[in-house]
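Quick notes on the structure that follows.
Each value in this text was obtained by applying a stated rule to the coordinates, not by laboratory testing. Treat the numbers as computed from the prediction; the structure is a model and nothing was measured. Here the Cβ positions follow ideal geometry from the backbone for every residue, glycine too, while neighbour counts run over all protein chains shown.
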């Protein structure tokens, strides 16, 4: 294809050409998607309805769940539909939308995780200034900055990627991914996007180092807490976030920093599943497992729903 306007659709990499395995892929992805959908929706609902959770930490957690819902909804439904209908094609506009939305949610996600690390640092290392520093206006501004960062970086990368991706339409991935689209570049302009990706990786690494430094200071402060109960509470609010950061960064780093010589289409496919599906699915589980307040809010909401349902049933029987 001689130019970009000639490309009307892209062909994605399928998980299998065997019909039975395609159905299995659909069922597995459906289960993973429903788990992620249910977990994140429960977190959002619990935080929105429980006034005790209207604090900066849970405000940021609710934003994280919204981003995770968006991130996994960009790739999984299309992949399931492709397996069910036995088709590999995605329209040009659909591919553009996938690249933009996925990069947007991923960038905003990591920016928000960095902000959450700062929130924990202020809460534990500077508790007397916490309410002043992390007031409602500051929290809204921080969350907004994470979303705007995602939009700007995604618009930049998407625009450059599709400006230079004109050398073919076969994408060796189950969704439209920038590194795979760069393989379709037909001019030296792809070096510009590679440079931007390196710069974005540097920013991501800087955020990760900021998170690590924050937690070094946090753990130093926690170890100075005389009360074992206070120490345990501090650790219980920090460890879920640190686990989520480690999961997100390790899967993304493995996907983008692995040697190209060892890359195969199937390996790239498996790695993409790890970093695009695993974090959004695991984040609600990680946060709810070690957080008594989240578990309490969820139990209260579920209990209230059951009580209301039983009460309505009794009234109808009467």
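Worth pointing out:
- Expected-Rg normalisation [2.2 N^0.38 Å, Cα atoms] applied to the stretch 7-292: 1.07
- Mean separation of Cα pairs under 8 Å and 6 or more residues apart, divided by the residue count, gives the stretch 7-292 a relative contact order of 26 percent.
- Modelled FRET efficiency - R0 45 Å, residue 269 with residue 128, Cβ distances, 0.05 increments: 0.35
- Each of residue 210 and residue 183 was given a label point 7 Å from its Cα along the Cα-to-Cβ line. The distance between the two points is 3.4 nm.
- The length gained by stretching the chain between residue 299 and residue 203 to full extension, at 0.36 nm per residue less their Cα-Cα distance, is 30.6 nm.
- Contour minus Cα-Cα distance for residue 55 and residue 194 (0.36 nm per residue): 46.1 nm
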